[in-house]
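*Asks:* Have a look at this one.
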Amino acid sequence: MPYSGHPVMQVQPRNPVLYALASFLVAGLGTMLGGEVGRGLLILASVVVAWMLLFVPFIWLLTVPLWLGAWVFSVVDGYRTAQQWNRQHGIIS
């Protein structure tokens with residue numbers, strides 16, 4: 001016999017690999033999809049600014065590591081955000 005009291009809310013697990021892939025395609029997207037919109041926009045803005053600095057003569061030598069580092073951080077943060085959401089909801093991923 002089903003429980004007739006309050007409805008039970010079920011959540012679907014979030015796939016960390018898909019969130020990392022989303023961040024690989026668009027920097028910060030996986031973080032934004034994970035609910036951290038402000039942090040995701042900050043990551044996206046930092047990647048865009050670093051990318052724009054690649055076109056400045058002589059400064060691009062310094063900004064290549066910054067741009068690549070921000071992009072890699074975006075992917076890792078998207079993965080971590082999905083894992084954190086799963087942990088908060090009692091899902092092991």
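*Asks:* Can you find, within the stretch 6-20, the residue that is nearest to Y79 (Cα to Cα) among those that are of a type in the set (A, V, I, L, M, F, W, C) and loosely packed, with under 12 Cβ neighbours inside 10 Å?
*Replies:* V11
*Asks:* Filter the stretch 21-46 down to the residues that are assigned to a helix (DSSP H, G or I) and either on the phi > 0 side of the Ramachandran plot or surrounded by 21 or more Cβ atoms within 10 Å (Cβ to Cβ) (or both) and list them by number.
*Replies:* If the condition is that a residue be assigned to a helix (DSSP H, G or I) and either on the phi > 0 side of the Ramachandran plot or surrounded by 21 or more Cβ atoms within 10 Å (Cβ to Cβ) (or both), then A22, S23, G30, T31, M32, G40, I43 are the ones that fit.
*Asks:* Residue check, S74 against (1) in a helix (DSSP H, G or I); (2) surrounded by fewer than 19 Cβ atoms within 10 Å (Cβ to Cβ), all met but one. Which one?
*Replies:* (2)
*Asks:* Considering only the stretch 47-56, how many residues are more than 10 Å from S74 (Cβ to Cβ) and assigned to a helix (DSSP H, G or I)? Spell out the reasoning first.
*Replies:* Narrowing the stretch 47-56 to residues more than 10 Å from S74 (Cβ to Cβ): 48-56.
Cutting the leftovers down to assigned to a helix (DSSP H, G or I) gives us 48-53.
Residues that pass the stated criteria total 6.
*Asks:* Next question, about the same structure. Specify which of the listed residues (L18, L62, L54) is aliphatic (A, V, I, L, M) and modelled with pLDDT of 90 or more. Can you show your working first?
*Replies:* Values: L62 fails: modelled with pLDDT of 90 or more; L54 fails: modelled with pLDDT of 90 or more.
Of the residues listed, the single one that is aliphatic (A, V, I, L, M) and modelled with pLDDT of 90 or more is L18.
The values are calculated or read from the model by the stated rules, or taken from the named source; none is laboratory data. For clarity, every value in this text was computed on a predicted model and none was experimentally measured. Reconstructed Cβ throughout: ideal geometry from the backbone, glycine too, with neighbour counts over all protein chains shown.
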